[in-house]
Amino acid sequence: MDVLRSAGIKTEEFLTDGVGSATVCAKQAIAAGCDAVIACGGDGTVHEVVQSLVGTNVALGVIPLGTANALASNLGLIGTPAKVTRQLLGATPRRLPVGQIHYNDNTGKPDSRYFVVAAGVGADALLMSRMDAGRKRRLGYILYLMEAFRIWATDPFPLFQAAFTKNGHDSARVAEVSQLLAVRVRSFGGVLRELAPGATLHNGKLNLLAFKTSNRLRYLSFLLAVIAGRHKFLGDIELWDATSVECKPRNGSTAPIFVEADGEVLGSLPVRLEVVPDALTVLIPDGANP
């Protein structure tokens, strides 16, 4: 706040106090006439703020203060809050597309969310459902690794149906998958790094990582290849370029399939994923290539 005020910028502080409050705070900032909202937190806080900013001309800024800060890292916003704030002062507002996920919430009611980092159906959403807030604060990134190993060792990786189109005119291609991840950033950081080559915040299509297998050894071999930076997409693990994708349970299947966006667990199948063009203004520092 001191850095912004010393630069002659009028500021107002909004404090979050629980799940969903960042969305409310962003709405209040818009109503107050703010031309930018700076989300101070992790990707979950950013996700909540984005829900209010999409479709407006109010710009999004990010100061990374969370366990996972994938969006901030891709924007080149790394360092102390004061350092990052100074970067934001010289940033350029740019209009970007965002992802949108349609799903059923925990009560079975249809709902939708926008996402900027990634949205997933299957094992990764199950992982996010295991992220206890208190343990995450204590253990940080280590908790992700611990729970990922536990899921790998115990989860049956149930299959569900995914139908995707490469453009709005083609007929849908249908496949059975156990994991589908729509990626919107170049890098997740940590061990995952560049998980989906070609994914960027500027992309007007979906980069979809699809696991057409329930074999846990195949999952492990792919993850080890990712860590080594040598992963390839062939056979039962593919990278799809699509305009939209719809997911639903297999016929007769009762296995619960979780859904997440930007690390926030949302609900369950059925799901539709797409990209909304020209949706969000983001403050991007000079030299960043998100």
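Rule-based calculations on the coordinates, nothing more; no lab input. Because the structure is predicted, anything quoted here is derived from the model rather than measured. Note that each Cβ is placed from the backbone with ideal geometry, even for glycine, and that neighbours are counted across all protein chains shown.
Observations on the model:
- Model label zone, ILE78; criterion: amide N under 18 Å from point 7 Å along Cα-to-beta-carbon; scope the stretch 87-122: 87-88
- Under-5 Å amide H pairs with ALA279, H placed in peptide plane, nonlocal only: LEU96, VAL98
- Over the stretch 158-280, volume per residue of the alpha carbon convex hull, in Å³: 119
- Kirkwood Rh and Cα Rg combined as Rg over Rh, evaluated for the chain: 0.96
- Both radii are taken from the alpha-carbon atoms of the stretch 1-93; with Rh as the Kirkwood radius, Rg/Rh is 0.93.
- Label-point separation, ALA32 to ALA7 (7 Å along Cα→Cβ), nm: 1.8
- Computed over the chain with a Gaussian network model linking Cα atoms closer than 10 Å, the most mobile of TYR103, TYR114, TYR219 is TYR219.
- Nearest-ten-degree value, helix 21-31 long axis tilted from longest Cα axis of the chain: 50
- Seen against the Cα atoms of the chain and their longest principal axis, helix 43-53 is set at about 70 degrees.
- Separation of the stretch 205-236 from the stretch 244-290 is 19 Å, based on Cα centroids.
- Simple Cβ-charge dipole of the chain, Lys/Arg +1 and Asp/Glu -1, about Cα centre, in debye nearest 20: 560
- Packing-based order for 236-244, 115-123, 266-274, using average beta carbon neighbours within 10 Å, highest first: 115-123, 266-274, 236-244
- Distance between modelled label sites at LEU234 and ARG272, nm, 7 Å Cα→Cβ extension: 3.6
- Difference of contour (0.36 nm per residue) and Cα-Cα distance, ASP17 to SER112: 31.9 nm
- On Cα atoms only, tilt of 216-228 relative to the major axis of the chain in degrees: 40
- Scattering curve values for the stretch 1-156, log₁₀ I(q)/I(0), Debye with Cα scatterers, q = 0.09, 0.11, 0.15, 0.17 Å⁻¹: -0.34, -0.50, -0.91, -1.13
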